[in-house]
1. Within the set of pairs 6 or more residues apart or between chains, which connect a residue that is over 15 Å from Val12 (Cβ atoms) inside the range 32-45 to a residue that is outside any loop (DSSP other than H, G, I, E, B) with Cβ atoms less than 7 Å apart?
2. When you scan the range 222-239, do you find a residue that is over 21 Å from the mean Cα position of the chain (by Cα) and touching a residue at least 60 places away in the same chain (Cβ under 8 Å), even just one?
3. Can you confirm whether the range 62-84 contains a residue that is over 17 Å from the mean Cα position of the chain (by Cα) and within 24 Å of Arg244 (Cα to Cα)?
4. Among the residues in the range 162-178, are any of a type in the set (A, V, I, L, M), touching a residue at least 24 places away in the same chain (Cβ under 8 Å), under 30 Å from Glu95 (Cβ atoms) and in a helix (DSSP H, G or I)?
5. Which one of the conditions (1) of a type in the set (Val, Ile, Thr); (2) in contact (Cβ under 8 Å) with a residue 40 or more places away in the chain; (3) surrounded by fewer than 21 Cβ atoms within 10 Å (Cβ to Cβ) does Val207 fail to meet, given that it meets all the rest?
6. Does Leu15 qualify as being out of contact with any Phe, Trp or Tyr (no Cβ under 7 Å at 6 or more places or on another chain), in a helix (DSSP H, G or I) and in contact (Cβ under 8 Å) with a residue 24 or more places away in the chain?
7. For the range 65-92, name all the residues that are within 20 Å of Ala172 (Cα to Cα) and in a loop (DSSP other than H, G, I, E, B).
Amino acid sequence: MDIFQAIILGIVEGLTEFLPISSTGHLMFASSLMGIGDDAFTKAFTVAIQLGAILAVVVLYWKRFFKSIDFYYKLFVAFLPAGILGFIFIKKIDEMLGNVMVVVWTFLIGGIILLFVDRWFRKSEKEPDKEVKYQSAFMIGLFQAISMIPGVSRSAATIVGGLSQKLNKKNAVEFSFFLAVPTMFMATVFKLFKYYKEGDGFHGQEVGLLLIGNLIAFVVAMIAIKFFITYLQKHGFRVFGIYRIIAAIVIYILHTRGIQFVL
């Protein structure tokens with residue numbers, strides 16, 4: 001991987017991490033097209049640059065992280081399902097990461113679902129802003145666990161989970177952002193530790209690429225988060241559903257034409 005490729009992946013991560021379109025699928029697509037998808041460092045890099053994205057959440061919503069200890073308890077409750085199931089099924093998840101057709105199907109099915117989400121949860125729009133209850137936090141966590149399947153989109157799953165708990169779009173999206181912090185932090189730490197343990201540590205160039213990738217992901221994620229909340233409240237999920245369906249078709253066509261996708 002070179003600096004240009006690190007910048008491209010940082011942009012992709014920042015743009016897609018908090019939109020309901022699956023950052024994993026897009027990183028797989030981008031890294032494979034650049035010919036670096038099967039590299040061990042690339043696999044660690046695409047997870048590690050999540051740190052830059054979640055830092056954007058902390059910076060934008062820093063007051064919420066100092067509001068109360070109860071806030072952290074709810075995030076822990078919401079994190080538990082994915083944390084436990086991820087530990088149990090880590091090998092199966094890794095196997096699915098290597099199967100491009102899993103991403104094609106999850107893109108397609110997720111896209112179809114997003115076409116109807118606004119209609120299904122129309123009543124949620126009338127709900128006032130409110131704090132997430134513990135039971136709701138756990139239910140949202142169950143939705144997040146589904147997103148361990150590559151291509152589902154952690155953001156899409158947790159936002160829909162929030163809407164199912166009668167949160168309005170703003171509250172559902174913000175809790176999805178907050179839940180990303182412990183979830184992605186733990187995933188990053190685990191992936192970097194695994195890379196360090198199985199290899200011979202990080203070299204100077206690799207550290208530099210990680211710093212660049214995280215910086216780019218941080219800046220782009222700051223912009224994407226602000227855009228997403230404003231856009232979603234005005235226009236809803238439909239455009240993201242259409243995009244996912246088109247992306248699924250494009251990836252499938254490229255796959256059948258011999259393009260190898262690996263992450």
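1. Close Cβ pairs (under 7 Å, with a partner that is outside any loop (DSSP other than H, G, I, E, B)) amount to Ala40/Tyr195; Phe41/Glu206; Ala44/Lys191; Ala44/Leu192; Ala44/Tyr195.
2. Checking the range 222-239: not a single residue is over 21 Å from the mean Cα position of the chain (by Cα) and touching a residue at least 60 places away in the same chain (Cβ under 8 Å).
3. Taking every residue of the range 62-84 in turn, none turns out to be over 17 Å from the mean Cα position of the chain (by Cα) and within 24 Å of Arg244 (Cα to Cα).
4. First, the residues of the range 162-178 that are of a type in the set (A, V, I, L, M): 163, 167, 172-173.
This time we only want the ones that are touching a residue at least 24 places away in the same chain (Cβ under 8 Å), so: 163, 167, 172-173.
From what's left, under 30 Å from Glu95 (Cβ atoms): none.
Within the range 162-178, none of the residues are of a type in the set (A, V, I, L, M), touching a residue at least 24 places away in the same chain (Cβ under 8 Å), under 30 Å from Glu95 (Cβ atoms) and in a helix (DSSP H, G or I).
5. All conditions are met except number (2).
6. Yes.
7. Of everything in the range 65-92, those that are within 20 Å of Ala172 (Cα to Cα) and in a loop (DSSP other than H, G, I, E, B) turn out to be Lys67, Ser68.
So that you can scan it fast, the table gives a plain yes or no per residue for (1) surrounded by 18 or more Cβ atoms within 10 Å (Cβ to Cβ); (2) out of contact with any Leu (no Cβ under 7 Å at 6 or more places or on another chain):
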{"site": "Ala78", "(1), (2)": "yes, no"}
{"site": "Ala82", "(1), (2)": "yes, yes"}
{"site": "Ile90", "(1), (2)": "no, yes"}
{"site": "Ile93", "(1), (2)": "no, yes"}
{"site": "Val104", "(1), (2)": "yes, yes"}
{"site": "Leu108", "(1), (2)": "yes, yes"}
{"site": "Ser124", "(1), (2)": "yes, no"}
{"site": "Asp129", "(1), (2)": "no, yes"}
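The values are calculated or read from the model by the stated rules, or taken from the named source; none is laboratory data. Just so you know, these numbers come straight off a predicted model, no measurement behind them. Don't worry about glycine lacking a Cβ; one is built from the backbone with ideal geometry, like all the others, and counts go over all protein chains shown.
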